[in-house]
Amino acid sequence: MTNPAIAASGLHKSYGDKTVLDGIDLTVPQGTVFALLGPNGAGKTTAVKILSTLIQPGPGSGAIRIGGHDLATDPQSVRASIGVTGQFSAVDGLITGEENMLLMADLHRLPKDEGRRVTAELLERFDLTDAAKKPASTYSGGMKRRLDIAMTLVGAPRIIFLDEPTTGLDPRSRHNMWTAIRELVAGGVTVFLTTQYLEEADELADRIAVLHDGRIAAEGTADELKRLVPGGHVRLRFTDPDAYRSAAAALPDATADAEALSLQIPSDGTQRDLRTVLDRLDGAGVEADELTVHTPDLDDVFFALTAATVPTQTKPGTQSQDRNQETAR
């Protein structure tokens, strides 16, 4: 079995009497996107800083391995295998985009010719070639963020930490950034992402962890997390009043809307649950004109998991489901 790109156990960090991380465990497989969600001050950036060697973990923390290297005993090898793009751009606005890239190549001690080649390739990859000779201070927010990630990639890291990489970007720039992240992962790069945009995690992440009060409130795929929140249902619509009444009799647990000729049945959206509904309709000899499955979205999950009464370290099952998918009409 392939070793994970990131493995941390019992991660602790406190500042005075303020506990920021209270013994969290993180495992990120190679070539995947892992998203760490949480409200402001939840400890997301602290986790990134520890895992990227910028600050020391707190006393009592367990083993931390990044790219197969022990963070405590071999931090230099960890640094050589990672790239970090923080919340605030590392771009120097007083020099050009190309000069920013070449500076990073020098910091990575690349030979001059190789540094220029890598710089040209990355500027083209991130659609910055035309702006390469212009001062970075003239770049838009999206361009600066793309340049920031391009600078991170100069050393060809296999693990990248992206701390809220799209904060402040307009929707088009955000989607362009998503495309760039997907391309990185398709090339085998592992991405550890922190974000406040739940749609971003839903779009990009293979697995998501929600951080609350210094602990992991829940972890799983987006679909697994959505099943933790009540409110999922199957909605049936009919055009024939007789069919509607027969279906209502066959599904006594449904919430009926006689005016709309619709039934709403609580459901977790799984295939087994949906099959039960369809079997009961078949047994009554009724066919719905429209069937829609609704599941909670990540906004619902986030608000539920960051409430004060949420249990910690909840790990859902592994079945997946489609969200808000219309399955028949």
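Tell me the residue from Asp163, Asp130 that is among the acidic types (Asp, Glu) and at pLDDT 95 or above, please.
Details: Asp163 fails: at pLDDT 95 or above.
Result: Asp130 is the single residue among Asp163, Asp130 that is among the acidic types (Asp, Glu) and at pLDDT 95 or above.
Give Gly10, Gly41 a once-over and let me know the one that is out of contact with any His (no Cβ under 6 Å at 6 or more places or on another chain), part of a strand (DSSP E or B), at positive phi and surrounded by fewer than 23 Cβ atoms within 10 Å (Cβ to Cβ).
Gly10
Does Thr73 satisfy the condition of being assigned to a loop (DSSP other than H, G, I, E, B), assigned by TED's automatic domain parsing to the domain that holds Thr152 and under 23 Å from Leu147 (Cα atoms)?
The answer is no for Thr73.
Against the definition (under 15 Å from the mean Cα position of the chain (by Cα) and at pLDDT below 95), how does Thr45 come out, yes or no?
The answer is yes for Thr45.
Is at least one residue of segment 107-122 in a loop (DSSP other than H, G, I, E, B), within 12 Å of Met151 (Cβ to Cβ) and touching a strand residue (DSSP E or B) at 6+ places or on another chain (Cβ under 6 Å)? Steps first, answer last, please.
Here is the first cut: in segment 107-122, the residues in a loop (DSSP other than H, G, I, E, B) are 108-111.
From what is left, the residues that are within 12 Å of Met151 (Cβ to Cβ) are 108.
Next, from what is left, pick out any that are touching a strand residue (DSSP E or B) at 6+ places or on another chain (Cβ under 6 Å): none.
No, that holds for no residue.
Among the numbered conditions (1) touching a His at 6+ places or on another chain (Cβ under 9 Å); (2) surrounded by 15 or more Cβ atoms within 10 Å (Cβ to Cβ), tell me where Pro266 comes up short.
Going through (1) touching a His at 6+ places or on another chain (Cβ under 9 Å); (2) surrounded by 15 or more Cβ atoms within 10 Å (Cβ to Cβ) one by one, Pro266 breaks only (2).
Under the condition of being touching a residue at least 12 places away in the same chain (Cβ under 8 Å) and among the acidic types (Asp, Glu), which residue from segment 70-122 is surrounded by the most Cβ atoms within 10 Å (Cβ to Cβ)?
The extreme case among them is Glu98.
Out of (1) surrounded by fewer than 20 Cβ atoms within 10 Å (Cβ to Cβ); (2) without any contact (Cβ under 8 Å) to a residue 40 or more places away in the chain, the odd one out for Ala254 is which?
With (1) surrounded by fewer than 20 Cβ atoms within 10 Å (Cβ to Cβ); (2) without any contact (Cβ under 8 Å) to a residue 40 or more places away in the chain applied to Ala254, the lone miss is (1).
Could you list, in sequence order, the residues of segment 265-284 that are in a strand (DSSP E or B) and over 19 Å from Leu228 (Cβ atoms)?
Ile265
Could you grab the pairs with beta carbons closer than 7 Å, sequence gap of 6+ or different chains, first residue in segment 168-195 and under 17 Å from Asp127 (Cα atoms), second one in a loop (DSSP other than H, G, I, E, B)?
Going by the 7 Å Cβ cut-off, the qualifying pairs are Arg174/Thr166; Met177/Pro165; Met177/Thr166; Met177/Leu169; Ala180/Phe126.
Just checking, which of Gly58, Gly67 is of a type outside the set (Val, Ile, Thr), within 17 Å of Leu162 (Cβ to Cβ) and assigned by TED's automatic domain parsing to the domain that holds Glu203?
Gly67
Answer with yes or no whether Ala131 is touching a Phe, Trp or Tyr at 6+ places or on another chain (Cβ under 7 Å) and in a loop (DSSP other than H, G, I, E, B).
For Ala131, the condition - touching a Phe, Trp or Tyr at 6+ places or on another chain (Cβ under 7 Å) and in a loop (DSSP other than H, G, I, E, B) - is met.
The values are calculated or read from the model by the stated rules, or taken from the named source; none is laboratory data. On a predicted model such as this, the values are computed, not experimentally measured, just so you know. A quick note on method: Cβ atoms are made from the backbone with ideal geometry, for glycine too, and the neighbour counts reach across all protein chains shown.
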